[in-house]
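Student: Here's a structure for you.
The values are calculated or read from the model by the stated rules, or taken from the named source; none is laboratory data. Given the structure is predicted, the values throughout are model-derived calculations rather than measurements. Cβ sites come from the backbone with ideal geometry, for glycine too, and all protein chains shown count toward neighbours.
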Amino acid sequence: MKRTVIKIDENRCNGCGQCVEGCHEGALQIIESKARMISYLYCDGLGACIGQCPLNAIELEEKEVEPYSEYAVMKRLVDKGEATIIAHLLHLKQHNEQEYFEQGLNYLNEHRIAINMSKLQDSKRTIQKPQSSSCPGSMAMQFNAKQNSNVDAAEISSQLRQWPVQLHLLSPQAGYLRNADLVLAADCTAYAYGNFHNRFIKDNIVAIACPKLDSDKQVYVEKLTEMIDEAGIRSLNVVIMQVPCCSGLFQLAFMAAERAKKKFQSEKQ
């Protein structure tokens with residue numbers, strides 16, 4: 001599987017922190033005066049951080065990558081020191097990636113690597129706050145949809161179970177995607193269909209995209225393919241408007257399903 005990843009030249013990096021401000025996912029932090037990737041899981045490869053770097057210390061690199069492995073990530077990070085390890089584990093904890101968090105701790109135990117465990121006890125206190133120019137609204141979250149039987153007829157409870165929802169910002173390795181039913185919806189559909197939450201989002205994970213206005217649509221195909229093969233989504237349902245440009249979203253999903261090793265039954269309604 002090919003993926004675009006961030007590569008940091010620590011010899012050039014002066015720790016100015018401008019790249020951290022450009023990283024909406026919180027995958028970068030300044031540790032010991034250097035920019036460090038502390039979350040390979042949530043780096044979306046868009047490269048917003050590159051435009052912020054005044055020393056050209058960051059570049060995008062496309063390469064073949066194996067499915068996400070927390071053990072492999074920990075192996076890369078241990079040489080960066082305790083502060084980087086703790087930042088990485090806190091990031092997992094903050095994003096409710098408990099399975100990967102436990103795997104990271106297991107790696108440390110198996111390799112007899114000691115860190116200050118007390119720094120992992122209160123992630124809200126220790127985690128770095130987003131910089132003013134970053135986008136807190138793109139921080140990955142998973143939550144339960146509110147159920148309210150006394151809701152007014154004019155008020156409908158949200159059925160959304162995760163954040164973000166824009167396909168460019170979704171990480172194919174996010175925990176909420178594992179064995180999930182994924183709904184890929186054109187941006188306009190939620191505005192056009194009044195019962196969208198109850199009909200399409202309830203009990204599902206949702207991703208939105210626009211086949212006409214969004215750029216780098218090939219990235220969409222690669223992400224969806226990875227979600228099918230690596231995250232193991234159980235189904236992929238596409239919701240589009242009855243307009244010509246919207247059919248492109250179905251084609252993107254179809255291409256991903258064709259490329260994927262795991263196969264779905266195709267059905268169009």
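Student: Would you please list the contacts, defined by Cβ atoms under 8 Å and residues six or more apart or on different chains, that run from a residue in the stretch 54-76 that is among the hydroxyl-bearing types (Ser, Thr, Tyr) to a residue that is modelled with pLDDT under 90 and assigned to a helix (DSSP H, G or I)?
Tutor: Close Cβ pairs (under 8 Å, with a partner that is modelled with pLDDT under 90 and assigned to a helix (DSSP H, G or I)) amount to TYR68/GLU230.
Student: Let me ask something additional. Being closer than 21 Å to TYR42 by Cβ and in contact with a strand residue (DSSP E or B) (Cβ under 9 Å, 6 or more places away or on another chain) is the requirement here; does LEU224 meet it?
Tutor: yes
Student: Just one of the numbered conditions (1) among the polar types (S, T, N, Q); (2) in contact with a Pro (Cβ under 9 Å, 6 or more places away or on another chain); (3) surrounded by fewer than 17 Cβ atoms within 10 Å (Cβ to Cβ) is not true of SER215; which one?
Tutor: (2)
Student: Still on this model: Which one is surrounded by the fewest Cβ atoms within 10 Å (Cβ to Cβ), of the residues in the stretch 77-112 that are on the phi > 0 side of the Ramachandran plot and in contact (Cβ under 8 Å) with a residue 12 or more places away in the chain?
Tutor: GLY81
Each row is one residue, and each column tells you yes or no for (1) over 30 Å from GLN94 (Cβ atoms); (2) surrounded by fewer than 19 Cβ atoms within 10 Å (Cβ to Cβ); (3) modelled with pLDDT under 90.
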| position | (1), (2), (3) |
| --- | --- |
| GLN166 | no, yes, no |
| CYS245 | yes, yes, yes |
| ARG259 | yes, yes, no |
| SER266 | yes, yes, yes |
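Student: Could you say whether any residue in the stretch 177-190 is without any contact (Cβ under 8 Å) to a residue 40 or more places away in the chain, surrounded by 20 or more Cβ atoms within 10 Å (Cβ to Cβ) and in contact with a helix residue (DSSP H, G or I) (Cβ under 7 Å, 6 or more places away or on another chain)?
Tutor: no
Student: Output the residue which, of all residues in the stretch 191-212 that are farther than 30 Å from GLU99 by Cβ and in contact with a helix residue (DSSP H, G or I) (Cβ under 6 Å, 6 or more places away or on another chain), is surrounded by the fewest Cβ atoms within 10 Å (Cβ to Cβ).
Tutor: LYS212
Student: Out of (1) under 24 Å from THR4 (Cβ atoms); (2) not in a strand (DSSP E or B), what's the single condition that is false for ASP203?
Tutor: Evaluating ASP203 over (1) under 24 Å from THR4 (Cβ atoms); (2) not in a strand (DSSP E or B) leaves (1) as the failure.
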